[in-house]
Amino acid sequence: MRARTLRFGLYADEQWLTWVRELVEEAVASRSARIVGVTVARTLPGSELTTSDVYGILAEQWALEHPDQDSGAREPVELCVRLVCSLRSWRAIRKAVIQALCPEGTEPHACRVPWIAA
């Protein structure tokens with residue numbers, strides 16, 4: 001097993017960021033994996049780009065899908081989760097998190113937290 005990283009661009013406030021972290025923890029707990037680090041970035045590591053530069057489209061998505069709602073304290077961030085696991089476990093965890101982020105299937109819908117799997 002080796003260290004691997006899950007990265008998700010999110011448009012979230014602290015409440016929804018906590019919700020996504022819990023989804024990751026649930027997915028990891030059901031597999032042979034261990035979380036060894038979690039970071040929330042507002043600037044991309046090794047770059048001068050901010051997460052707003054890269055994931056700003058998620059704010060636009062939120063505005064289109066929730067036209068009558070205030071976005072509150074939501075902001076574009078990148079959630080990085082370092083795991084120790086096999087490649088097979090990493091793929092299963094990533095798939096489980098993505099399915100949990102948008103569980104409604106293929107029908108058109110608005111996600112609770114706009115996201116991009118990076």
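Some notes on this structure:
- Site pair Ser47 and Arg21 shows an inter-label distance of 2.3 nm when each label is modelled 7 Å from Cα along Cα→Cβ.
- Spread over its residues, the convex hull of the C-alpha atoms of the stretch 2-117 is 102 Å³ per residue.
- A simple rule links phi to the HN-Hα coupling: the Karplus curve 6.51 cos²θ - 1.76 cosθ + 1.60 with θ = phi - 60°, which for the stretch 47-57 gives 9, 8, 6, 8, 5, 5, 5, 8, 10, x, 4 Hz, with x for Gly and Pro.
- Placing R0 at 30 angstrom, the Cβ-Cβ distance between Arg34 and Asp13 gives a FRET efficiency of 0.60 after rounding to 0.05.
- Each Cα pair under 8 Å and six or more residues apart adds its separation to the average, and for the stretch 1-70 the resulting relative contact order is 31 percent.
- Sequence-distant contacts, meaning Cα pairs under 8 Å at least 6 residues apart, place the relative contact order of the chain at 48 percent.
Laboratory data are not the source of any read-out in this text; all were calculated from the coordinates shown. The structure displayed is predicted, hence computed values, not measured ones. Don't worry about glycine lacking a Cβ; one is built from the backbone with ideal geometry, like all the others, and counts go over all protein chains shown.
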